[in-house]
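The structure appears right after this line, and notes come after that.
The values are calculated or read from the model by the stated rules, or taken from the named source; none is laboratory data. Model, not experiment: these values are computed from the prediction. All Cβ positions, glycine included, derive from the backbone under ideal geometry; neighbour counts span all protein chains shown. Areas reflect the complete protein model, heavy atoms only, side chains present, ligands, DNA and RNA absent. Shrake-Rupley method; radii C 1.70, N 1.55, O 1.52, S 1.80 Å.
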Amino acid sequence: MESYRKNQRVFWVLAGPGSFWLLFFFLVPLGMVWILSFGEKAVIDGKISITETEITWTLANYVRALADPVYLVIMWKSIWISALATMLCLIIAYPVAFVISFASPRWRPWLLLAVILPFWINLLIRTYALIAVFRIRGYVNFTLEWIYDTLWLDGLFGPFEPLELLYNDFAVVAGLVYVFMPFMVLPLYASIERLDRSMLEASLDLGASQVATFLRVTVPLTMPGIVSGLILVFIPCLGSFLTADLLGGTNATMIGNVIERQFKAANDWPFGAALSFLLMYVTFGALALRALLSRDAEARI
Amino acid sequence: MRVLRRWVDPLDYAGRIWMRAFFGVVFILLYAPVVLMMAFSFNDSKRNIVWRGFTTKYYEKAWNNDGLIEAFINSLTIAAINTIVATILGAMVALLLWRFRFPFKSAYEGFMALPIVIPEICMGVAMLAFFSRIGWPTGLPWPLNLSAITIAHIAFSFPFVAIVVRARMAGFNRELEEASRDLGASEWQTFRHVIFPYMRPGLVGGALLAFTLSLDDFVITFFTSGPETVTFPVKVYSMVRFSVTPEVNAASTVLVVITLIVAALMLRVQRPGQGGSP
C-alpha cells in the first residue's frame, strides 16, 4: 500500500466522485433531517401552517418522542418485538448453521445458498407472500381446517373457526423472522465453520455429554458469531417499516410506521425527523455494542 | 465396514436425522410462501386458494395494466443507470481503499459503510427532506423525472459495489502492478491491462448486486417517488394495500424470476476457480 502523497493525482481522481456523491446525496440529506428535528411547524398569520416548518432549535420533538406515553409504548413495543424476533432467529438459525457447517464440503455451498437465496428475493414480495399464508382464508388456516375435518372434530366441536393470524403482533414477529433469518445464518455459519473441531472431540472424549459440550464449548467459542448475528438482525428489525405495515395493520405499529406517518399522512416532519434520529442513535449504539462485545469475545478465546 | 457404519460419529451433526429434519423444515418454510405465491399466479380462480386449473390470464392482465408496465419500465431504467454509475463509483472507491494509505482512512471506511448500516427508513426520509427542501425539479419529461430516485439508489448501492470489488482486489498480487510500472507503463496502461482484467469478476459481481439492489428497493424509493414516478415495487405495494389479487402474484413472479436469473449470473461470475473470487 502506498502513501497518498506519492501519487496525489490518482488519489484525488479516485477519491473525488464517491466522496462527492456520499457527501451531497447522503450526508447532507441526513444533516437536513437532523436540523429539521429541532424545528417546529411555522406559525403564519396566527395559524399553524401545514407545510412550512421553522427551525427554532427546540427540543420539543425529542421530549414528545420520549415522554408522550403513546410513542413510548410504540417504542417499547418495537424493541420487544425486534428482540423477540431476533431471539427466534437465533434459535432457528443456530441448528441450520450447524448442519451447514458440518455437512460434507461438496454440499456446504449449496446448503448455504439455499438459505441465502430468499434474501435476494424482494423484501416486499416475501412479505406480501406471507399475507396469503396467514390470512383468514390462507394456507395455514386451510391446512388446519383440513386436519380438523379429517379428524372429525367438526362433529364434536362444531365447524372450524379460522385463526386470526394476520394484523397482530404474532404476524409481525413471524414476518420479521422470515425476512431476516439469512442475516443470522451467515455470521453463525462463519464462526461455526472456523470452530476447532478437536476442542469438541476433546470435550466428548473427556466424558462431557453432547449437551454439556454444546453449552460449555461450542456456544462460548461461537460467541462472536452469535453477537454479530443478534445485532445484524436486531437493527433491521427495529428499523423495519414494511413488515409491520403489511402484516401488522393498525394493531401492531412499530417505530418505522410512526416515522412514515409523520412524513406522509400526518405531515409533521420535525417530529418524524426526531424519531428517525432516535432510531439512528439506537442503531449506532447497537453497532458500538457489537464492536465491544465481539472484541471481548475474541479476547476470551 | 458394515458394523462401523452403524456407529454414529459424535461430530457428524449434519448426519443426525433430527438435525436434517429441522433443516428440511426450515428450508420448506423459507421457500413455501414464495413458491405458493408463484404457483397460484397460474391458478384459475380469483379469491380461492384451492387449485382450479392452469391459466396465464393474470399475466395477460398484468401485461395490459398500463400503470404496472410503466412502473416496470421505470424500475428497469433506474436499475440500468444505477448499475453503471454505482459500479464506476464503487470501483473507484475500492481501488482507492485498496491502493492508498491516507490519514483518517478507517473513518473514511466507516463513512462509506454508513448507507449500509443505517436503517433504510432513515435514509428514505432524508432523501424526501433533501429533494423537497432544495426544490429538485419535478414534472420533468421521462426519464429525467426519475433522477431523484436514481440518485438515491446510487447513494445506497455504490458502497456495496465497493465492498465486492475490494474483496476481489484483496487477492491481487501487487508485484504485478509494480512490474508493470517498472516496465514503463503509465497509470492508465497499468490499470487498463493489469488491474482491470483481474478486477473484472468483482466488477461484474458488483454490477449485478447494484442492479438487484435497485430493482428490489422499496423503502427508499417509496419516499423519493412521486405520483408520476412509480417504480415496480411501489406499484405492487399500492396494489397490495388495495387487495391481494392473482395479478399481483403474476407481477411479483416476474420480478422474482428476474432476481433469480441475476443471482444465478452472479454465482457464475463469483464461482471460485473460474476467475472468480480467490
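The condition of being touching a helix residue (DSSP H, G or I) at 6+ places or on another chain (Cβ under 6 Å) and not charged (D, E, K, R) does not hold for B:ALA107. Exactly one residue out of B:GLY124, B:GLY135 is modelled with pLDDT under 85 and either in the same structural domain as B:VAL234 (by TED's automatic domain parsing) or outside any helix (DSSP H, G or I) (or both), and it is B:GLY135. Taken together, the residues in the range A:1-29 that are among the hydroxyl-bearing types (Ser, Thr, Tyr) and either at the interface with chain B (Cβ under 7 Å from one of its Cβ atoms) or outside any helix (DSSP H, G or I) (or both) amount to 2. Applying the criterion of at least 3 residues that are surrounded by fewer than 17 Cβ atoms within 10 Å (Cβ to Cβ) to the helices (runs of 4 or more DSSP H) found wholly in the range A:210-301 leaves A:210-213, A:269-300. The condition of being more than 27 Å from the chain's Cα centre (by Cα) and not assigned by TED's automatic domain parsing to the domain that holds B:GLU247 holds for only one of B:PHE54, B:PHE27, B:PHE23, B:PHE42, that being B:PHE54. Would you say A:ILE100 is among the β-branched types (Val, Ile, Thr) and in contact (Cβ under 8 Å) with a residue 60 or more places away in the chain? Yes: the conditions hold for A:ILE100. One residue stands out in the range B:62-107 among those that are open to solvent by 40 Å² or more (accessible area, probe 1.4 Å) and among the charged types (D, E, K, R): the one that is nearest to A:SER19 (Cα to Cα), namely B:ARG101.
Return a yes/no flag: does the range A:9-25 have any residue that is closer than 30 Å to A:ALA171 by Cβ and open to solvent by 60 Å² or more (accessible area, probe 1.4 Å). Taking every residue of the range A:9-25 in turn, none turns out to be closer than 30 Å to A:ALA171 by Cβ and open to solvent by 60 Å² or more (accessible area, probe 1.4 Å). When the range A:107-141 is filtered for residues that are surrounded by fewer than 16 Cβ atoms within 10 Å (Cβ to Cβ) and farther than 20 Å from B:PHE22 by Cα, the ones remaining, listed by number, are A:ILE136, A:ARG137. When B:PRO197, B:PRO201 are checked against the criterion of being outside any loop (DSSP other than H, G, I, E, B), closer than 24 Å to B:MET92 by Cα, without any contact (Cβ under 8 Å) to a residue 24 or more places away in the chain and outside the structural domain of B:ASN43 (by TED's automatic domain parsing), B:PRO197 stands alone in meeting it.
Among residues of the range B:232-249 that are more than 17 Å from B:LYS46 (Cα to Cα), those with a beta-carbon under 7 Å from a residue that is among the polar types (S, T, N, Q) and not in a helix (DSSP H, G or I) at least six positions away or on a different chain give the pairs B:PRO233/A:ASN122; B:VAL234/B:SER225. Within the range A:148-202, being open to solvent by 20 Å² or more (accessible area, probe 1.4 Å) and of a type in the set (Ser, Thr, Tyr) holds for A:TYR148, A:THR150, A:TYR167, A:TYR178, A:TYR189, A:SER198. Only residues that are at pLDDT 85 or above and assigned to a loop (DSSP other than H, G, I, E, B) were counted in the range B:230-277, giving 2. Hey, does the range B:34-44 have a residue that's within 30 Å of A:LEU204 (Cβ to Cβ) and more than 10 Å from every other protein chain (Cβ to nearest Cβ)? No; the residues of the range B:34-44 include none that is within 30 Å of A:LEU204 (Cβ to Cβ) and more than 10 Å from every other protein chain (Cβ to nearest Cβ).
Of all the residues that make up the range B:241-252, how many are at the interface with chain A (Cβ under 10 Å from one of its Cβ atoms) and open to solvent by less than 10 Å² (accessible area, probe 1.4 Å)? Result for the range B:241-252: 3. Restricting the range B:108-154 to residues that are among the small types (Gly, Ala, Ser) and open to solvent by 60 Å² or more (accessible area, probe 1.4 Å), which is nearest to the other protein chains (Cβ to nearest Cβ)? Step by step, filter the range B:108-154, then rank; the result is B:SER132. In summary, A:THR86 fulfils each of the numbered conditions (1) away from chain B (no Cβ under 14 Å); (2) open to solvent by 90 Å² or more (accessible area, probe 1.4 Å) with the single exception of condition (2).
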